[in-house]
Each structure stands twice: as structure tokens, then as C-alpha cells.
1. Of all residues in segment 61-101, how many are in a loop (DSSP other than H, G, I, E, B), within 26 Å of ASP127 (Cβ to Cβ) and either at pLDDT below 95 or not aromatic (Phe, Trp, Tyr) (or both)?
2. Take the conditions in contact (Cβ under 8 Å) with a residue 40 or more places away in the chain, open to solvent by 30 Å² or more (accessible area, probe 1.4 Å) and polar (S, T, N, Q) and apply them to THR50. Does it pass?
3. If you take the residues of segment 64-89 that are of a type in the set (Phe, Trp, Tyr) and open to solvent by 50 Å² or more (accessible area, probe 1.4 Å), which of them is farthest from GLN131 (Cα to Cα)?
4. Restricting attention to segment 142-158, which residues are open to solvent by 30 Å² or more (accessible area, probe 1.4 Å), out of contact with any strand residue (DSSP E or B) (no Cβ under 6 Å at 6 or more places or on another chain) and at pLDDT 80 or above?
5. If only one of PHE134, PHE68 is touching a residue at least 60 places away in the same chain (Cβ under 8 Å) and touching a helix residue (DSSP H, G or I) at 6+ places or on another chain (Cβ under 7 Å), which one is it?
6. Do we find a residue being modelled with pLDDT of 80 or more and either outside any strand (DSSP E or B) or within 30 Å of LYS43 (Cβ to Cβ) (or both) anywhere in segment 164-171?
7. When the residues of segment 90-99 are narrowed to those that are closer than 21 Å to MET117 by Cα and not small (Gly, Ala, Ser), which ends up most open to solvent (accessible area, probe 1.4 Å)?
8. Please go through segment 102-118 and pick out each residue that is open to solvent by 20 Å² or more (accessible area, probe 1.4 Å) and at pLDDT 85 or above.
Amino acid sequence: GGVLVALLLPAVQAAREAARRMQCSNNLKQVALAMHNYADVYKAFPPAYTVDADGNKLHSWRTLLLPFLEQAAMYEQIDLDKPWDAPENLQFAEMVIPTYSCPSDPNSTTTPYTNYMVIEGSGAIFDGSDQCAFRDILDGTSNTLLVVEVEGQQVSWMEPTDLSLDQMQMLINNGPTEPGSNHPGGV
């Protein structure tokens, strides 16, 4: 009996990881679909973050996508005029949004951290509080990164923090350290 369990255990674990990897891929597809639906409504992708009158960061693009991810009721309760970590918004910032976390991340069901970020900077789709329309993507959408998976970041899904274009260029030149995943075999 013990030999049979020892032989089956790796196969069961591999099947579970394959299911988690597929769910992670589906999460990214849901995010991309929500971005496209946002762009259909507002004629542009969401900004990387929203700002107040003084230019202080308030909310992440992930907050703006909530109505397009079947989270409209939560979105309507968030005070978008106050920062994501203001006392009025903290209860929402501490909620786990499964679509924003990779199921292979051991903390995905217990922490409000995201595994998905955009690349932000001049020349990227996401440039601060500016919005980008489809017509502004000169390389075409099939040749442009929209969202990347990251590992080990402790960024709340509401927090207006993503990867900078400089960080991403450094990773491409020096090898992977930021974008990553808990999936064996890569992102």
C-alpha cells in the first residue's frame, strides 16, 4: 500500500499544480478581458493609478476594474476620493480578490496581495495617471505586454504600485528576478 501511495503522490501533486497553473492563466485572461471591457466603456485602458488634486496616488488600476470583474457592489462602496489605505477603504484593501492572486502562491487565499502587475512608465500602456487608448498602441496589442505575473511582492491589490519600465528593462538585461511565479517551469 505504501509503495502505491509513493508512486501516486507525485502524479497527484503534478495534476494539482497543472490545475493551479490553468487557474492562474484564467485569472490573467479575466484581467485582460476586464481591461478590454473597461476600454470599451471609457475609450481607453485604465490609468496605472488615480490621483487627487495634488497629484498624490489614490488607487490602483485593479480597483478601477472591479465592476468588470463582477465586483461592482464592492466598487460602489470604496471611497475613490480617499487613498486606498485610508481608514474608510482599509476594510476593502484587506479583502482577498481571487482573480488578483495566483493559486500557486501559498498565501493566495489568506492575504490581499496581488500577483499581477502592469509595467508602468513612458512608452508603456500604463504611464502614471494617464490613460492609453487602443490607437495609441503603435506596436499593436499582440506585441505589447498588458499584465505580468510577479512572485513574492507584498502589494495589496488596491495599492497603486506596479513594476516600473526601468525595473522591467533591468530584468530583461540581467535575468529574471521580479516577474516570476510559484509555477514550476516558469511564469
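The values are calculated or read from the model by the stated rules, or taken from the named source; none is laboratory data. Not measured: the values here are computed from a predicted model. Every residue, glycine among them, receives a Cβ derived from its backbone with ideal geometry; neighbour counts consider all protein chains shown. Ligands, DNA and RNA are excluded from the accessible area calculation, which covers all protein heavy atoms including side chains. Shrake-Rupley method; radii C 1.70, N 1.55, O 1.52, S 1.80 Å.
1. Number satisfying all stated conditions: 13.
2. Here the answer is yes, as THR50 does meet what is asked.
3. Within segment 64-89, the match that is farthest from GLN131 (Cα to Cα) is TYR75.
4. Hit for segment 142-158 is LEU146, nothing else.
5. Going through PHE134, PHE68 in turn, the sole match is PHE134.
6. Checked segment 164-171: at least one residue is modelled with pLDDT of 80 or more and either outside any strand (DSSP E or B) or within 30 Å of LYS43 (Cβ to Cβ) (or both).
7. GLU94
8. PRO112, TYR113
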